[in-house]
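First the structure, in the form of structure tokens, and then the observations on it.
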Amino acid sequence: MRRKTIDLIFIVVQAICIVGLFTTNSFDYMRIAIGDLIFWLVYIILELKQKWTIPLYIRTVVILSILSNSVFGEFINLYVSSVFYDRLQHIFGTYSMTLWAFFVIQQFVKIRFINKKFIIIFIVSLSVTLGTFYEINEFFQDEFFKPIIKNQPSLLDTDLDLISDLLGGIIALFHYLFSTSLKSFKFPFEEELITRK
């Protein structure tokens with residue numbers, strides 16, 4: 001029930017943000033906010049269809065990272081008015097998305113990752129990969145849509161984003177390694193295996 005409530009709150013707040021961006025003629029940011037909404041709606045559908053589930057904490061931080069991007073970064077325009085907001089958003093966004101992807105991938109392959117060395121390599125690699133995808137996405141947006149405010153104004157910005165992404169991934173790694181609740185989370189495929197025995 002809490003999962004549905006969190007998703008519904010996200011959809012409503014994101015929709016309000018999209019309308020706000022439209023009314024302020026922030027069409028470049030509006031396009032990104034719509035993309036974020038579509039991303040989460042597609043995940044909700046996949047989650048229901050595949051019978052996946054993620055810890056409520058991870059669902060909450062992913063939604064908070066999307067909303068902080070849309071509301072604070074784009075609508076309130078902290079990406080332009082703050083020197084540090086983009087860095088903080090990259091750290092927080094990669095932290096949350098790394099944990100989310102880590103749990104989704106395990107359910108996709110139906111294997112629980114338990115080897116500590118593998119988990120360390122996997123989570124760090126996952127965060128670097130996500131950071132790279134962010135930067136490629138920003139590059140394509142700049143090249144194809146020619147926004148008024150560029151996503152990648154300089155090579156320094158791109159490099160600092162990638163460093164921030166790595167830092168977010170390292171925080172995700174330490175959080176997972178020291179969290180009893182995340183490590184003991186039961187996946188639906190594990191419960192199916194138990195009931196079959």
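FYI, it's all coordinate maths here, none of it is from the lab. Owing to the predicted nature of the structure, the values given are computational and were not obtained by experimental measurement. Backbone-built Cβ (ideal geometry, glycine too); neighbour counts: all protein chains shown.
Yes or no, residue by residue, for (1) crowded, with 16+ Cβ neighbours inside 10 Å; (2) of a type in the set (D, E, K, R); (3) under 12 Å from D165 (Cβ atoms):
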position	(1), (2), (3)
R87	yes, yes, yes
H90	yes, no, yes
M97	yes, no, yes
I121	no, no, no
K146	no, yes, no
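Restricted to helices (runs of 4 or more DSSP H) entirely inside the range 75-162, those with at least 2 residues that are among the charged types (D, E, K, R) are 85-109, 116-145.
Within the range 105-118, is there a residue that is free of Cβ contacts under 8 Å to residues at least 60 places away in the same chain and in contact with an Asp or Glu (Cβ under 9 Å, 6 or more places away or on another chain)? If you could, list the steps in order and put the result at the bottom.
Let us first name the residues in the range 105-118 that are free of Cβ contacts under 8 Å to residues at least 60 places away in the same chain, namely 105, 108-109, 111, 113-115, 117-118.
Still in the list and also in contact with an Asp or Glu (Cβ under 9 Å, 6 or more places away or on another chain): none.
No.
Only one entry of F103, F75 meets the criterion of being in contact with a Cys (Cβ under 6 Å, 6 or more places away or on another chain), on the phi < 0 side of the Ramachandran plot and crowded, with 17+ Cβ neighbours inside 10 Å, and that entry is F75. Of everything in the range 10-39 that is more than 13 Å from the chain's Cα centre (by Cα) and of a type in the set (D, E, K, R), the residue that is surrounded by the fewest Cβ atoms within 10 Å (Cβ to Cβ) is R31. Can you find a residue in the range 80-88 that is within 17 Å of the chain's Cα centre (by Cα), more than 20 Å from A172 (Cβ to Cβ) and not hydroxyl-bearing (S, T, Y)? So far as the range 80-88 goes, no, none of its residues is within 17 Å of the chain's Cα centre (by Cα), more than 20 Å from A172 (Cβ to Cβ) and not hydroxyl-bearing (S, T, Y). Within the range 1-30, residues that are farther than 13 Å from I76 by Cα have Cβ atoms under 9 Å from residues that are among the basic types (K, R) and surrounded by 12 or more Cβ atoms within 10 Å (Cβ to Cβ) in these pairs: R2/R59; R3/R59; I6/R59; D7/R59, counting only partners at least 6 apart in sequence or on another chain.
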